[in-house]
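Encoded as structure tokens, the structure appears first; notes follow it.
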Amino acid sequence: MLQLAVLGSGRGSNFQAILRAIDGGRLPSARVCLVISNNSDAGILALARSAGIPALHVSQKQFPTEEAFTDAMLLALQRHGAELIVLAGYMKRVPSRFVREYRGRILNIHPALLPKFGGQGMYGRHVHEAVIAARERESGATVHVVDDEYDHGQVVLQRTIEVAPDETPETLAAKVLEVEHALYPEAIRQYAGRMFQHHQK
Ligand code: GRF
């Protein structure tokens, strides 16, 4: 069983899609062992609690330094036996020591076709506004490995959708989100398979 920890700051629809994929057999041999949010009001924490999954609020504000915050995050992840960290709408930068500790074992989903429309400030509505302003004909979603730079690491899986001529940021956001819900569980399945093969070598 691959132990997944999901980190999010918001409503948690990608987390929900991952749970559905596990229940529906599309993401076999995985379970979510822990959900962490930096935001105590986040929907993702409520969803986790109602699914009986350990849910923690861990925020930088609770700690005097980034070091102490990183220690608390790592301790929680270790205690719950997390093997792969899944960022699902996590709006905070992951500290570099954390990235080093889990190198190659942190995934993120971004609502555009990276390397386009990524980087600092490119989140949520801003991404879709930029795509429309650039008159792109295509957008989509990207699952990538997390490294020290924003939206930068190796791409695991990408899916493309058409941008309609009358698209608004809202309609585009909805289309991309639907793609994300199918893409993330599939990307986790493929990446976990590769991680496992690597272990066997
Ligand atoms: C998604 O659009 C994802 O690409 C971005 O944040 C959003 C999270 O949505 N990183 P949800 O919390 O999973 O519903």
Quick one: net charge around residue 31, please, counting Lys, Arg +1 and Asp, Glu -1 for every other residue with C-beta under 12 Å from its C-beta.
-2
Please rank 83, 162, fewest neighbouring Cβ atoms within 10 Å first, as an exposure proxy.
162, 83
For the range 6-76 and the range 81-102, what is the separation of their C-alpha centers, rounded to whole Å?
11 Å
When only alpha-carbon atoms are used, what values of Rg and Dmax, in angstrom, describe the range 41-83?
11.7, 32
Looking at the square roots a ≥ b ≥ c of the eigenvalues of the Cα gyration tensor of the chain, which shape do they give, rounded for a/c under 1.5, prolate if a/b is larger than b/c, or oblate?
prolate
Cα-only radius of gyration and Dmax that characterise the range 103-201, units Å:
14.3, 51
Give, rounded to the nearest 20 debye, the magnitude of the charge dipole that the chain has about its Cα centre when Lys and Arg contribute +1 at Cβ and Asp and Glu contribute -1 at Cβ.
600 debye
Restricting to the chain, compute how many DSSP beta bridges are antiparallel as a %, nearest 5.
40 percent
Gaussian network model of the chain, springs between alpha carbon atoms under 10 Å - residue of 92, 116, 61 with greatest fluctuation
61
Dividing the mean separation of Cα pairs under 8 Å (6+ apart) by the residue count of the range 1-71 yields a relative contact order in percent of 31 percent
Starting from the Cα of residue 91, step 7 Å along the direction of its Cβ; do the same at residue 174; then give the gap between the two resulting points in nm.
2.2 nm
From the phi angles alone, apply the Karplus equation (6.51, -1.76, 1.60; θ = phi - 60°) to the range 19-28 and give each ³J(HN,Hα) in whole Hz, x where the residue is Gly or Pro.
4, 4, 5, 5, 4, x, x, 8, 9, x
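Just so you know, all these numbers are worked out from the coordinates, no wet-lab data involved. Keep in mind the model is a prediction, meaning the values are calculated, not measured. Don't worry about glycine lacking a Cβ; one is built from the backbone with ideal geometry, like all the others, and counts go over all protein chains shown.
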